[in-house]
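Below: one structure, written as structure tokens.
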Amino acid sequence: QVSELVQFLLVKDQKKIPIKRADMLKNVIREYKDASSEILNKAGRTLQEVFGMQLVEIDAKRHTYILINNLPRPEGEYLCKDKEKEKMGLLLVILSFIFMKGNSVKDSALWEFLRLLRVYPGKPHRVFGDVRKLVTEEFGRQKYLEITPIPLTDPPEFKYQWGPRAEKETSKKDVLNFVAKMQGKDPRFWASQHGEAEANL
Amino acid sequence: ENRESVLNSKSNRLTEALEEANKLFGGVSRAREAALDAQFLVIATNIGKEKASELHSEMSAFDSAAFAEDLLTFMGINRTEVEETDDSEDVPGGFLPTDAWQTVGEEATKYFRRAPTFHYMMGSFKSEPPVPKQRIERQKKASRGKAEQAMPAQLKRMEESQQEATEKEVERILRILQTHFENDPNTPISFFDFVIDPNSFARTVENMFHASFLIRDGLAKIKVDEDELPIIEPTKPSGRGEEESSAGARNQVVLSLDQKEWK
């Protein structure tokens, strides 16, 4: 059971959409439901010891899980497809913007910022295609971004924050370092963000 | 309505509106009006929150426009050339290279602890030739699991491309050998000169591997010259093919070469 669950998790993780415990029970654990938490724990240990990945519950109420990489950051080239890399680039830029602006931004503010980078919600992008879909649907479903509607706005507006996957896969300190590197400044230049990043560790 | 003007930090519109609402509420006697008043309060508080956050009271001022410029620089923007776009009114000129987002993406991967996406048999070496066909089949059977439902299309592609890669390499080596012979038909090449790559032991082994295919298929043959060193030459094309293959002794030779010898 354990190895079946491990395989199941690895394949399910391909799309980076959080995995529901219900799906695990239905597809793998099935009749062993009573031992489910033990099987899950063992699977988690296998993932850590064999693959260096951590199984993390990101929603205690809905019992959804993600896999993150628990190995020390590789020094050399990170092996993944170009398409994936480009998306990560866009994501990091968005996460940086959100953090530096106080952890929550309105959609209009975000798109106005992305315009400066030649990324437009209404225009198909040479690299990303339908960017609006990528940001709102894909990044949202993967839990990199948390997108919530602002009440009583007409037309409806949304606020963007970091999602639980972003919280686990990166950190405010890392993101601040990225911003600092891009701008050629010391991270302490932004005193309050720096303070928050340090406290967050 | 007029959300933007109310948001303007210099305006007192919000306060004025709240005061007016307060006054009006005094005259309210019906539930419907009270509900409207409540709705107004919700909107007012949201606006209030926004105003507060716009004061950046919690965060040190962050210049997003400068950040965007720095990102464009990092992506390798060429500011001397002006791009012909239809929306270039407020976007500063400059030509973004096609790998702009690749560059950012490459940097970005360092900041995430993303679990690599799991694929069966996704080789991580890009240019090295793959393992021989038999091993591919065996590995494929071993790794086939329940979850393989999603994988078959991808697996097929992998297998084909690996086969092709080997064949291509073998062909390439044959062509090199033949070209050399066209230029100088009477001097067979020393086998070692042919296969050894002075910079890479791994490459040397691969070359030997590919050369062995040529020999197996009868496209080249190895002889021993006067100095007892092996030499390799292409076999003459098919006219005498049958004769050659029946005459050609099927010998098995084990050539051992370790790193020390290679050096």
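Remarks
- Selection within region A:183-192 - among the hydrophobic types (A, V, I, L, M, F, W, C) and either open to solvent by 20 Å² or more (accessible area, probe 1.4 Å) or more than 7 Å from chain B (Cβ to nearest Cβ) (or both): A:PHE189, A:ALA191
- All told, A:ILE94 falls short of being under 14 Å from the mean Cα position of the chain (by Cα) and either surrounded by fewer than 18 Cβ atoms within 10 Å (Cβ to Cβ) or within 9 Å of chain B (Cβ to nearest Cβ) (or both).
- Scoring A:LYS143 on the criteria (1) part of a loop (DSSP other than H, G, I, E, B); (2) surrounded by fewer than 16 Cβ atoms within 10 Å (Cβ to Cβ) leaves a single failure, condition (2).
- Residue selection: A:GLN48 fails the criterion of being in a helix (DSSP H, G or I) and either facing another protein chain (nearest Cβ under 10 Å) or closer than 23 Å to A:LEU91 by Cβ (or both).
- Matching residues in region A:99-108 - criterion: being buried (at least 18 other Cβ atoms within 10 Å of the Cβ), within 11 Å of another protein chain (Cβ to nearest Cβ) and either touching a residue at least 12 places away in the same chain (Cβ under 8 Å) or farther than 15 Å from A:LEU176 by Cα (or both): A:PHE99, A:MET100, A:VAL105
- Some residue of region A:71-78 being open to solvent by 30 Å² or more (accessible area, probe 1.4 Å) and within 7 Å of chain B (Cβ to nearest Cβ): yes
- The residue list A:LYS15, A:LYS26 contains one member that is within 28 Å of A:GLU146 (Cα to Cα), modelled with pLDDT under 90 and either surrounded by 17 or more Cβ atoms within 10 Å (Cβ to Cβ) or within 11 Å of chain B (Cβ to nearest Cβ) (or both), which is A:LYS15.
- Output for region A:147-162, where each listed residue is open to solvent by 50 Å² or more (accessible area, probe 1.4 Å) and free of Cβ contacts under 8 Å to residues at least 40 places away in the same chain: A:PRO149, A:PRO151, A:LEU152, A:ASP154, A:PRO155, A:PRO156
The values are calculated or read from the model by the stated rules, or taken from the named source; none is laboratory data. Computed from a predicted model, the values in this text were never measured in an experiment. Cβ atoms come from the backbone with ideal geometry, glycine included; neighbour counts cover every protein chain shown. Calculation scope for accessible area: heavy atoms of the full protein, side chains included, ligands and nucleic acids excluded. Shrake-Rupley method; radii C 1.70, N 1.55, O 1.52, S 1.80 Å.
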